[in-house]
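Please read the structure below before turning to the comments.
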Amino acid sequence: MGKEESPQITRRVTRLSSSTAVTNNEVEPEKITKPYKPTLNDFVSGGEQLSFNDLLSSFPARGNQIRELLRLLGPVNSPMLPLFVYGDPSTGKTSTILQIFRYLNRPFVYASCRTCYSLQILFESVLNQLLLHKKNAANGYSSAKRCVKPSDFVNFLREDLTSVIEKLRSLKKLGSNKPAGKPNGNMLYLIFDNLELIREWDKSSSALPFMFNLYDVLKMHEVGLIFISNTSPDTYYSNMGYTEHVPVYFPEYTEDDLRQILMKNQANRKLYSSFLDVVLRPFCRSTRRVDELSTAFSPLFRKYCEPLSDLASVPNEEMKRRLFSHFRPHIAPSLNEIFWVPSKSSTEAEINKDTRQKGSTRKPEVGDHFAQIDFHMSTSAKYLLISAFLASRNPATLDASLFDSTGGSDSRKRKRKASEKSMEQKEVAEQELLMKGPGTFPLERLLAIFQCITSAADSLDEEEHENDVLRVGGDCGLMSDVLLQLSSLCNANFIIKGGSCPLEGSTRYRSTVSEDLALKVARNLKFPLPNYLYRR
């Protein structure tokens, strides 16, 4: 009978298992795919509680900024003025602020102007987070509220903020303990990242003043505002007054700071340290961005370790020399890729190499050492860098006398008589411009100076620079190349973009290079920069 029951059981079990499997598969996914119900805990960062020492160790060379931000944020539920955190890209601004809020366990709403690429998307993203609304297939991936106008956003924002703050207060009354993952305090912070991208949006002339004036419009002391930007506050123009934001500057990383950051979480620290001894200094001359360096060093470190059979071995001096001789040919090509500026072709490099070898018997001149620059840059980019330096340092009123059709070489023959009063007024105005420091300039003035100095260099040394000097006139391809070089110099922070002037309506630029660097680049090109530089 047992033999008879066994096939029945197996047959029944098989049929029942198929049916129960369906029911189980229907029940279990309901538990897994059950819609998550957001709570007030979603306003704080998840994870384990972070200590102050862990916070400092996570960000080398950012201890001063962390302490300053903690001081400005103040104790729990203390009102604060809007903060304007700025610095170069990849200097740890966003990650530092988010980790500070994780350490403080305070509720916040984060919105990036990079992912929220329009004013409506930015408004709706903030409102969705305040309402604990998640876009999914059930709601058709729609927002909780449709918001297009800034006036509607202010009304919705004030209403939703009041509701959230009341819930935080009631949560505080229910329990006095502060477990990890629970909001600490009833003050809510709004963090807006990548603020400089708003200038590229439609209606940016009204959007930026609205964002800066949001603190005065809301008039809610339980709300803190933090703006994060890659550009300084003086690059934003506004026609309306607003409460001045407290600036917090994140400076560029030094070589030692980058070494500490890149050495973190390395399995073989001594091996990676020997690798950084080779690549860090030359790469820092091109960029100090952590994201670019980490991306470039990842394949280079694998190339550096190719001769090793055991990656856990500790390198000695002999091994370091062997690794360096194997790795050395790969440094220069990678440097050209990092800086994003096309360098000379391999054939031109070989020709220059042969020329240097043939002329190696000559005695080196004194200025040769000072003419060497420490980074790779194309000839057109060097002339553009000098043009931007002259446009920032020279008063615009002197362009006509310094630059002419012959590049300023005949300026001595074109002296004009002027009254003493007009000369004194001109001198005073020029000295006032110099006292203000490097000024801004439009794109048209930069291109005009670029064309003048390239033509002047061509006429001064036509035989030597016959194939190197770039001419602008009448060639759309070369003009597009100049604009591409300008974009690269802006990305490298040699030139920074200012805001659009309300009177002119065009973007203005400012040169950030020092006079020593400009003279060094000019010596490399054998360009007489002092002849075109205004001195008091």
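The values are calculated or read from the model by the stated rules, or taken from the named source; none is laboratory data. Keep in mind that this is a model prediction, so the values were computed, not measured. Cβ sites come from the backbone with ideal geometry, for glycine too, and all protein chains shown count toward neighbours. Accessible surface is based on the protein model in full, side chains and every heavy atom, while ligands, DNA and RNA are left aside. Shrake-Rupley method; radii C 1.70, N 1.55, O 1.52, S 1.80 Å.
Summary of values
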| quantity | calculated |
| --- | --- |
| Criterion: part of a helix (DSSP H, G or I) and touching a helix residue (DSSP H, G or I) at 6+ places or on another chain (Cβ under 6 Å) - qualifying residue of H326, H330 | H330 |
| Any hit, segment 269-286, residues being in a loop (DSSP other than H, G, I, E, B), at pLDDT 85 or above, of a type outside the set (A, V, I, L, M) and not assigned by TED's automatic domain parsing to the domain that holds S58 | no |
| Residue among D202, D216 that is more than 28 Å from N491 (Cα to Cα) and either open to solvent by 30 Å² or more (accessible area, probe 1.4 Å) or not assigned by TED's automatic domain parsing to the domain that holds N105 (or both) | D216 |
| All positions within segment 255-268 that are modelled with pLDDT of 90 or more and open to solvent by 70 Å² or more (accessible area, probe 1.4 Å) | D256, Q260 |
| Subset of segment 227-248 that is surrounded by fewer than 16 Cβ atoms within 10 Å (Cβ to Cβ) and at pLDDT 90 or above - its residue that is farthest from A61 (Cα to Cα) | V246 |
| Lone qualifier among R114, R106, R67 - being open to solvent by 30 Å² or more (accessible area, probe 1.4 Å), more than 19 Å from Y253 (Cβ to Cβ), among the basic types (K, R) and in the same structural domain as V223 (by TED's automatic domain parsing) | R114 |
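So that you can scan it fast, the table gives a plain yes or no per residue for (1) without any contact (Cβ under 8 Å) to a residue 24 or more places away in the chain; (2) more than 23 Å from G185 (Cβ to Cβ); (3) of a type in the set (A, V, I, L, M, F, W, C); (4) in contact with a strand residue (DSSP E or B) (Cβ under 8 Å, 6 or more places away or on another chain):
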| residue | (1), (2), (3), (4) |
| --- | --- |
| S51 | no, no, no, no |
| S57 | yes, yes, no, no |
| A61 | no, yes, yes, no |
| L70 | no, no, yes, no |
| V109 | no, no, yes, yes |
| I121 | yes, yes, yes, no |
| N128 | yes, no, no, no |
| R158 | no, no, no, no |
